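Trainee: Please read through the structure below; I'll follow up with questions.
The values are calculated or read from the model by the stated rules, or taken from the named source; none is laboratory data. Model, not experiment: these values are computed from the prediction. Note that each Cβ is placed from the backbone with ideal geometry, even for glycine, and that neighbours are counted across all protein chains shown.
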Amino acid sequence: MSRLVVTSVGGDLDDTVTLRAAPEQSPEDGDIIVAVEVAPINNGDLLFAAGLFASHPEVPAAMGVEGVGRVVDVGTSVDPGLKGVRVLILPAFGYNLGHPDSIAGAVCLVFEL
């Protein structure tokens, strides 16, 4: 899997945003890992990269926090029946914006489609 990553805040997005391979991940207790099929890059993401958002990312930071995909792995306290389910991910207040490796462990609302 790949993702857009902000490498520095501010400046020309051609110079500060790059496409990188995503690292392999293992879920912690209570987490799910979603293989994202579609994820928008919206105005908030662009403001985030430009340093004009309410908070500034710790770089490098993955862009995008919304998406659609399938659950590929679950943590120990998560229902294993979620594996393979197609889900919609919406950010919730308090999630870890700008985590350099993933949004695993983030507080997200997940709905089965």
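Trainee: Determine, yes or no, whether Val5 is in contact (Cβ under 8 Å) with a residue 12 or more places away in the chain, in a loop (DSSP other than H, G, I, E, B) and in contact with a Pro (Cβ under 9 Å, 6 or more places away or on another chain). Don't jump to the end; show me each part of the working.
Mentor: Details: in contact (Cβ under 8 Å) with a residue 12 or more places away in the chain: yes; in a loop (DSSP other than H, G, I, E, B): no; in contact with a Pro (Cβ under 9 Å, 6 or more places away or on another chain): yes.
For Val5, the condition - in contact (Cβ under 8 Å) with a residue 12 or more places away in the chain, in a loop (DSSP other than H, G, I, E, B) and in contact with a Pro (Cβ under 9 Å, 6 or more places away or on another chain) - is not met.
Trainee: If you don't mind, another one. Just the residues that are within 15 Å of Ser2 (Cβ to Cβ) and either touching a Gly at 6+ places or on another chain (Cβ under 8 Å) or not hydrophobic (A, V, I, L, M, F, W, C) (or both), please, taken from the range 13-39. It would help to see each step written out before you state the result.
Mentor: Of all residues in the range 13-39, those within 15 Å of Ser2 (Cβ to Cβ) come to 17-25, 34-39.
Of everything in the range 13-39, those that are within 15 Å of Ser2 (Cβ to Cβ) and either touching a Gly at 6+ places or on another chain (Cβ under 8 Å) or not hydrophobic (A, V, I, L, M, F, W, C) (or both) turn out to be Thr18, Arg20, Pro23, Glu24, Gln25, Val34, Ala35, Val36, Glu37, Val38, Ala39.
Trainee: Can Phe48 be described as at pLDDT below 85 and in a loop (DSSP other than H, G, I, E, B)?
Mentor: On the way: at pLDDT below 85: yes; in a loop (DSSP other than H, G, I, E, B): no.
Judged against the criteria, Phe48 is not a match.
Trainee: Looking at Asp29, Asp101, which one is surrounded by fewer than 19 Cβ atoms within 10 Å (Cβ to Cβ), modelled with pLDDT under 85 and in a loop (DSSP other than H, G, I, E, B)? Reasoning before the result, please.
Mentor: Values: Asp29 fails: modelled with pLDDT under 85.
Criteria check complete, one pass: Asp101.
Trainee: Okay, next question. Taking the range 8-30, which residues are closer than 17 Å to Pro57 by Cα, of a type in the set (Ser, Thr, Tyr) and touching a residue at least 40 places away in the same chain (Cβ under 8 Å)?
Mentor: Residue satisfying the conditions is Ser8 alone.
Trainee: Count, please, the residues in the range 8-19 that happen to be assigned to a strand (DSSP E or B) and surrounded by fewer than 14 Cβ atoms within 10 Å (Cβ to Cβ).
Mentor: Matching residues across the range 8-19 total 2.
Trainee: Would you tally the residues in the range 71-86 being in contact (Cβ under 8 Å) with a residue 24 or more places away in the chain and either assigned to a loop (DSSP other than H, G, I, E, B) or within 19 Å of Ala21 (Cβ to Cβ) (or both)? If you could, list the steps in order and put the result at the bottom.
Mentor: Narrowing the range 71-86 to residues in contact (Cβ under 8 Å) with a residue 24 or more places away in the chain: 71-78, 82, 85-86.
Now narrow it down to the ones that are either assigned to a loop (DSSP other than H, G, I, E, B) or within 19 Å of Ala21 (Cβ to Cβ) (or both): 72-73, 75-78, 85.
Residues meeting the conditions: 7.
Trainee: In addition: Looking at Pro40, Pro23, Pro57, which is the one that is touching a strand residue (DSSP E or B) at 6+ places or on another chain (Cβ under 7 Å), in a loop (DSSP other than H, G, I, E, B) and not aliphatic (A, V, I, L, M)? Don't jump to the end; show me each part of the working.
Mentor: On the way: Pro40 fails: touching a strand residue (DSSP E or B) at 6+ places or on another chain (Cβ under 7 Å); Pro23 fails: touching a strand residue (DSSP E or B) at 6+ places or on another chain (Cβ under 7 Å).
When all the criteria are applied, what remains is Pro57.
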